[in-house]
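Here the structure comes first, spelled out in structure tokens, and everything after it is commentary.
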Amino acid sequence: MSGPRPVGAHPVGSEGACRSADSGSATVEFAVVLPVFVVAVGLAVGAVAAAGVQVRLQVGVAAVARALGRDDADAAAEAEHALLPSARTTVVHTGGTVCVRAVRPVRVGVLPNVDVAAVGCALESGR
């Protein structure tokens with residue numbers, strides 16, 4: 001037989017072993033926090049990607065508007081094809097200006113598609 005045990009001590013593997021109230025709490029906290037962290041990182045990456053799309057749209061609509069303002073339909077079509085390949089574009093001529101609006105759906109993480117838009121305007125005929 002073994003010697004006397006300190007109060008509250010139990011032999012390893014005994015059925016009467018007393019577990020701390022905190023036992024396993026770190027695992028539970030990790031299991032709860034990890035999915036939240038993964039979703040937050042996914043949303044952040046999606047937001048950065050959406051911002052990049054918005055910048056590309058802005059550059060594209062500006063180039064198309066300038067080309068249309070110079071009455072250069074070929075350059076406008078080329079710029080639209082190169083810079084706005086999957087965007088829906090609309091052109092509005094008002095009061096000596098031409099404005100181009102482009103909208104493109106972007107997936108932001110786990111959220112449904114979000115429409116990102118940009119508008120660019122230029123004076124018509126180089127005025």
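Rule-based calculations on the coordinates, nothing more; no lab input. Since the structure is predicted, the reported quantities are computational estimates derived from the model, not experimental observations. Glycine gets a Cβ as well: all are built from the backbone with ideal geometry, and neighbour counts include every protein chain shown.
Other residues with beta-carbon under 12 Å from the beta-carbon of ASP115 carry, at +1 per Lys or Arg and -1 per Asp or Glu, a net charge of +4.
Ranking request for peptides 39-45, 54-60: highest mean number of other beta-carbon atoms within 10 Å first, then the rest in descending order. Before the final figure, lay out the partial values.
Working: 39-45: 12.3, 54-60: 18.0.
In decreasing order of mean packing, 39-45, 54-60 become 54-60, 39-45.
About its Cα centre, the dipole of the range 26-126 is roughly 180 debye, where the only charges are +1 on Lys and Arg Cβ and -1 on Asp and Glu Cβ. Ranking VAL38, THR97, LEU57 by Cα position along the charge dipole of the range 26-126, where only Lys, Arg, Asp and Glu carry charges on their C-beta atoms, puts VAL38 farthest toward the positive end.
Charged neighbours of PRO85, selected by a Cβ distance under 11 Å, balance to +1 (K, R count +1; D, E count -1).
Distant-in-sequence amide contacts of VAL108, defined by a placed amide H-H separation under 5 Å and a gap of 5 or more residues or a different chain, comprise VAL114.
Measuring nothing but alpha carbons in the range 26-126 and taking Rh as the Kirkwood radius, the Rg to Rh ratio lands at 1.26.
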